[in-house]
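Asks: Encoded as structure tokens, here's the structure I'll be asking about.
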Amino acid sequence: MTRVFSGIKPTGHLTLGNYLGAMRRWAAVDQHRSDALFCVVDLHALTVDHDPARVRRLSRQAATLLLASGLDPELCTVFVQSHVDEHARLSYVLECVATDGEMRRMIQYREKAAREQRRGGSVRLSLLTYPVLMAADILAYGAEEVPVGDDQAQHVELTRDLAVRFNQRYGQAFVVPRATHPKVAARVMNLQEPTSKMGKSDDTGPGIVYLLDEPDVVRKKVMRAVTDSGREVVYDREARPGVANLLEILAACTGGSPEALGGAYASYGALKRDTAEAVVEVLRPVRERHAELCADPGHVEKVLREGAERARGMARPTVDAAYRAIGLLPAG
Ligand code: AQP
């Protein structure tokens, strides 16, 4: 069976972008057709200015939402990154095959470093090396596929480069993975700034739909989405990014195609109303299941404990082999 790995970073409340771009597909498709691992990548949340209590809270919430979105621990492995030491162990070794230049070329690093500086903070070294840790997350499990939104494509490409380089220099240690992206909603955009991605740690709250937003809050955010001065509802990402974003969201929620849906609306108002209702309906079962799981925190803890144990067992042989291959003396 194909081995699949993907993760979610507890840097903020999870968004509609996280759900449509990644989580929904993990639950509906990946866990059924593959040997899949899904991880709350909490170490990655320490790469920017953070509040320890908030990261802990968001990690628990992200794990609960993964289960609420339909991940079934009988079918896949759900765990927290920092519970499995192999990620950090492998990351160091991969830093010894990565170069400073390739890290600095990463788009997400450049954007996030600039944001930290705008906010008056300093840039943590871990923000620069974050893609190497992500490569370790993937390579430790011999994952063949990495289902992610578009924004992570460059990081998976780097993971491939590091795997190939390591294998060529030190002998075959890693499976070379590939990214897979959803057909629609691979990049859900911010409703207030439709040329920017809807990101959970961005500052523009009204442009971000959170998975746990109340239905009326979702409706308000979608109805206030920025469109443009035109009137015709057509799908054109370049010329009409706001309308295109709504059409993509509606298509992802209802199963249609954004192009065909474009032709079906005579006004922006009607498009917004239908999109708002479609989003409310898609999120309803997730919110309901989340509330049930919150009433039983022991269950989530048990899933994470067992998940980490399983994950450790899978990662350790690969990481040990990589240590031996690169020249480290086995502990005996
Ligand atoms: N807007 C989005 N559209 C489609 N997919 C998205 N993903 C994130 N935002 C969108 C996908 O969700 C998965 C988990 O993402 P992540 O937690 O690793 O962080 P990220 O990609 O950096 O996403 P965020 O929400 O924007 O976090 P911050 O603001 O902290 O950087 C990934 O598969 C991602 O592609």
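Where a number appears in this text, it was derived from the coordinates with a stated rule and is not lab data. Small disclaimer: the values here were computed from a predicted structure and weren't measured. For neighbour counting, all protein chains shown are included, and Cβ atoms are generated from backbone atoms with ideal geometry for every residue, glycine included.
Asks: If I take R0 = 51 Å and measure r between the Cβ atoms of Asp216 and Gln108 in this structure, what FRET efficiency does the formula 1/(1 + (r/R0)^6) give, to the nearest 0.05?
Replies: That pair, Asp216 with Gln108, gives E of 0.95.
Asks: Going out from 0 in 10 Å bins, what whole percent of all Cα-Cα distances in the range 205-291 drops into each bin?
Replies: Over the range 205-291, the share of Cα pairs per 10 Å bin runs 18, 51, 26, 5, 0 percent.
Asks: For the range 90-141, with the dipole built from +1 on Lys and Arg beta-carbon atoms and -1 on Asp and Glu ones, taken about the Cα centre, which of Leu139, Tyr92, Met103 lies farthest toward the positive end?
Replies: Met103
Asks: Another question, then. Could you work out Rg/(2.2 N^0.38 Å) for the range 136-221, with Rg from alpha carbons only?
Replies: With N residues counted in the range 136-221, Rg over 2.2 N^0.38 Å equals 1.48.
Asks: 222 nm [θ] for the chain, helices only, -39500 (n - 2.57) per DSSP H run of 4+, per residue, to 500?
Replies: Computed mean residue ellipticity for the chain: -16000 deg cm²/dmol.
Asks: Further, regarding this structure: Quick one: Leu66, Leu128, fewest Cβ neighbours within 10 Å first, how do they rank?
Replies: Starting with the residue having the fewest Cβ neighbours, the order is Leu128, Leu66.
Asks: Given +1 on the Cβ of Lys and Arg, -1 on the Cβ of Asp and Glu, and no further charges, what dipole in debye does the range 205-291 carry about its Cα centre, rounded to the nearest 20?
Replies: It comes to approximately 240 debye.
Asks: With the contact rule set at Cα under 8 Å and sequence spacing of 6 or more, what percent relative contact order holds for the range 205-291?
Replies: It rounds to 33 percent for the range 205-291.
Asks: To make sure I understand, if each residue's beta carbon is the centre and we count other beta carbons within 10 Å, what order do Ile138, Ile326 fall in, fewest to most?
Replies: Sorted ascending by nearby Cβ count, the order is Ile326, Ile138.
Asks: Sort Val164, Val300 so the one with the fewest other Cβ atoms within 10 Å of its own Cβ comes first.
Replies: So the ranking, lowest neighbour count to highest, is Val164, Val300.
Asks: How big is the gap, in Å, between the Cα center of the range 169-201 and the Cα center of the range 18-48?
Replies: Measuring centre to centre over Cα atoms gives 11 Å.
Asks: Pick from Glu292, Glu95, Glu86 the residue whose mean-square fluctuation is largest in a GNM of the chain, springs joining Cα atoms under 10 Å.
Replies: Result for the chain, Cα springs under 10 Å: Glu292 fluctuates most.
Asks: In addition: May I ask for the net charge around Arg284, where only other residues with Cβ less than 14 Å from the Cβ of Arg284 are counted and Lys, Arg are +1 while Asp, Glu are -1?
Replies: Spelling it out: positives minus negatives among the neighbours equals -3.
Asks: Kirkwood Rh over alpha-carbon pairs of the chain, then Stokes-Einstein at 10 °C and 1.306 mPa s: what D in µm² s⁻¹, rounded to an integer?
Replies: Using the Kirkwood radius from Cα pairs, D works out to 77 µm²/s.
Asks: 5 Å is the cut-off here: which amide hydrogens, built 1.01 Å from N in the peptide plane, fall below it relative to Leu37, excluding neighbours closer than 5 in sequence?
Replies: Under 5 Å from the amide H of Leu37 lie the amide H atoms of Val4, Phe5, Ser6, Thr77, each far enough along the sequence or on another chain.
Asks: About the Cα centre of the chain, how large is the charge dipole given +1 on each Lys and Arg Cβ and -1 on each Asp and Glu Cβ? Please answer in debye to the nearest 20.
Replies: Taking the Cα centre of the chain as origin, the dipole is about 420 debye.
Asks: Please list, in chain and number order, the residues 5+ apart from Met189 or on another chain whose amide H is under 5 Å from its amide H, with Hs placed from the backbone.
Replies: Here Met198 satisfy the definition.
Asks: Something else: Compute the distance in nm between two label points, each set 7 Å from the Cα along the Cα-to-Cβ direction, one at His299 and one at Glu157.
Replies: 4.2
Asks: Note down the relative contact order for the range 82-172 as a percent, whole number, built from C-alpha pairs under 8 angstrom at least six residues apart.
Replies: 36
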